[in-house]
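Data block below; observations after.
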Amino acid sequence: MGEFVRIETGEAEGVATLRLDRPKVNALNAQVVAELHQAADELAGRTDIRAVVIWGGPKVFAAGADINEFSGMDANGGRELSQRINDAFRALEELPQITICAINGYALGGGCELAMAAEFRLVGEGAVLGQPEILLGLVPGGGGTQRLSRLVGITLAKELIYSGRNVRSNEAVAIGLASAVHPDEEVYDEAVKLAARYASGPAAITLAKKAILDGYFLPLDEALEIEVDAFASCFDTEDAHTGVASFLENGPGKAVFSGS
């Protein structure tokens, strides 16, 4: 368990919380990024955890990179920093578990990039997201130029990155940057409920996630081959046989899955 990032369990069966806790605003310094990567590596091997909620606490998700570390940095240092951040966020993105961000307060710069590496983002009413790096004379360095355009479209992503403006909760949902908005005091609990729903689902959810990620950037014919493999692999799971038998006996939506 790291000093600023920890894995917590007990909120719901099969659900873990990846908790950022670096006062005052969860700034993503080198240590936080390293601890996020270490936590991702640990979670990847946890078969008892099937969904992960990423949360920065009730006041702020992550207000961005620790700008103190930018002072005096040259191009080589910038390249190394960006690579470390991208490696950590990619490890989180590729987790076999379903990942959900619960966002209270600010998720700016690296904080927004961390949130976009998760599959779903639930935001509190007071949440503020954005990529303000341009205001420092920089571009996003943790995947923002790539993931934002994939979520909201290239034209809007350009406008947000070129201007560095903030996006509040209702707009974030409207443009597809967030999945849903909830009262600030309820957003974490709602994320846990959603995570628990996925955690109780069949092993096929993990196979579906991998197929989507692996096939997203491929030509369609190659991507469909990945889907064929994923579909076939489902029949090696108990859950597929349980689901089929339950459907034939009781109709749809009544199967209870083991996650195996």
(message) Being of a type outside the set (V, I, T) and not in a loop (DSSP other than H, G, I, E, B) is the requirement here; does A12 meet it?
(response) no
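Matching residues to (1) at pLDDT 95 or above; (2) on the phi < 0 side of the Ramachandran plot; (3) touching a strand residue (DSSP E or B) at 6+ places or on another chain (Cβ under 9 Å):
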position: E35; (1), (2), (3): yes, yes, yes
position: R46; (1), (2), (3): yes, yes, yes
position: I54; (1), (2), (3): yes, yes, yes
position: D66; (1), (2), (3): no, yes, yes
position: F70; (1), (2), (3): no, yes, no
position: E93; (1), (2), (3): yes, yes, yes
position: G111; (1), (2), (3): yes, yes, yes
(message) Consider the range 74-105. How many of its residues are within 20 Å of A191 (Cα to Cα), open to solvent by 10 Å² or more (accessible area, probe 1.4 Å) and touching a Leu at 6+ places or on another chain (Cβ under 8 Å)?
(response) 2
(request) Report the residue count in the range 70-84 for those that are over 28 Å from N104 (Cα atoms) and either under 17 Å from the mean Cα position of the chain (by Cα) or free of Cβ contacts under 8 Å to residues at least 24 places away in the same chain (or both). (result) 9
(message) Of all residues being among the aliphatic types (A, V, I, L, M) and surrounded by fewer than 19 Cβ atoms within 10 Å (Cβ to Cβ) in the range 26-52, which is farthest from A127 (Cα to Cα)? Just the residue, please.
(response) A44
(request) Give the residues of the range 172-201 that are without any contact (Cβ under 8 Å) to a residue 60 or more places away in the chain, in a helix (DSSP H, G or I) and either of a type in the set (V, I, T) or buried (at least 18 other Cβ atoms within 10 Å of the Cβ) (or both), sorted by residue number. (result) A172, V173
(request) From the list V60, V139, pick out the single residue that is of a type in the set (A, V, I, L, M, F, W, C), free of Cβ contacts under 8 Å to residues at least 24 places away in the same chain and part of a loop (DSSP other than H, G, I, E, B). (result) V139
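Counting only residues that are charged (D, E, K, R) and under 17 Å from S179 (Cα atoms), which one in the range 116-164 is least open to solvent (accessible area, probe 1.4 Å)?
Going through the qualifying residues, I end up with R121.
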(message) Criterion first (open to solvent by 10 Å² or more (accessible area, probe 1.4 Å), β-branched (V, I, T) and under 15 Å from the mean Cα position of the chain (by Cα)) does I67 satisfy it?
(response) no
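The values are calculated or read from the model by the stated rules, or taken from the named source; none is laboratory data. Note that the structure is predicted; figures quoted are calculated from it, not measured. A quick note on method: Cβ atoms are made from the backbone with ideal geometry, for glycine too, and the neighbour counts reach across all protein chains shown. Note: areas computed on protein heavy atoms with side chains; ligands, DNA, RNA excluded. Shrake-Rupley method; radii C 1.70, N 1.55, O 1.52, S 1.80 Å.
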